[in-house]
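Engineer: Let me begin by handing over the structure; questions about it come next.
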Amino acid sequence: MRFIDTSIEIIFDTRFKNFFLIKITTLVEDLEKGFPIKIELKDQVKIPCKAQFPKIGVLEKMMSKLDELKKAHPFFLLKKCESPIEVKFYVYALHTIPQLRPQIEVGPYRVDFAVPERKLLIELDGHDFHKTRQQRTYDAKRDRYLIKDGWRVLHFTGSEIHNNVFSCIDEIKTIVAGVGNKL
């Protein structure tokens, strides 16, 4: 799966008396049995405002909110995914695993995904990148560091993601729920 683009549409409508609307659309593409399938993800964010039509203060607030969205909204975070399996996993998981974040730094390491509130890390190990002895040694040292730091580390292979991403997501959701009960 690959990320194509994210777009924003700002709607100022006199029918919206106490807010303006930001529509965010992301387009990704997946190849299923050699055929490209485009997936469009949509979201809407309401921004409260007191003025009925854009004025200087309202426009400044809207621009500030847009900056916040570009830093934190899952559709914009999708750009951080570094491989097709990461894009596929994140697209299908972003609405079902609360607080899932791609490509975060923990100490000297960057990890594929994290649920920081639960100290849970998710690594997606594609065969091409994780097949050498050096890379496996690096991964083992990194895991030991992260575990010593109190993180729980889960690994999924690229084959697991490609064959049944929903099963992987369900397994993570079960673990997140269990970790939540132990905190």
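Engineer: For the range 69-183, which strands (runs of 3 or more DSSP E) that fit wholly inside it have 1 or more residues that are in contact with a Pro (Cβ under 6 Å, 6 or more places away or on another chain)?
Structural biologist: The strands (runs of 3 or more DSSP E) meeting that bar are 109-115.
Engineer: Only one of LYS80, LYS88 is touching an Asp or Glu at 6+ places or on another chain (Cβ under 8 Å) and modelled with pLDDT of 90 or more. Can you tell me which?
Structural biologist: LYS88
Engineer: A further question on this structure: Among (1) surrounded by 14 or more Cβ atoms within 10 Å (Cβ to Cβ); (2) more than 28 Å from LEU31 (Cα to Cα), which single condition is HIS155 missing?
Structural biologist: Condition not satisfied by HIS155: (2).
Engineer: Separate question: Looking for something modelled with pLDDT of 95 or more and either buried (at least 19 other Cβ atoms within 10 Å of the Cβ) or in the same structural domain as ASP43 (by TED's automatic domain parsing) (or both) - is there at least one such residue anywhere in the range 131-143?
Structural biologist: Within the range 131-143 (the criterion being modelled with pLDDT of 95 or more and either buried (at least 19 other Cβ atoms within 10 Å of the Cβ) or in the same structural domain as ASP43 (by TED's automatic domain parsing) (or both)), the answer is no, since none of the residues qualifies.
Engineer: Take the conditions basic (Lys, Arg), without any contact (Cβ under 8 Å) to a residue 24 or more places away in the chain, surrounded by fewer than 13 Cβ atoms within 10 Å (Cβ to Cβ) and not assigned by TED's automatic domain parsing to the domain that holds GLU171 and apply them to LYS61. Does it pass?
Structural biologist: no
Engineer: Which one of the conditions (1) hydrophobic (A, V, I, L, M, F, W, C); (2) modelled with pLDDT of 75 or more; (3) more than 12 Å from ILE8 (Cβ to Cβ) does MET62 fail to meet, given that it meets all the rest?
Structural biologist: (3)
The values are calculated or read from the model by the stated rules, or taken from the named source; none is laboratory data. A quick note: this is a predicted structure, and the numbers were derived from the prediction, not measured. Glycine gets a Cβ as well: all are built from the backbone with ideal geometry, and neighbour counts include every protein chain shown.
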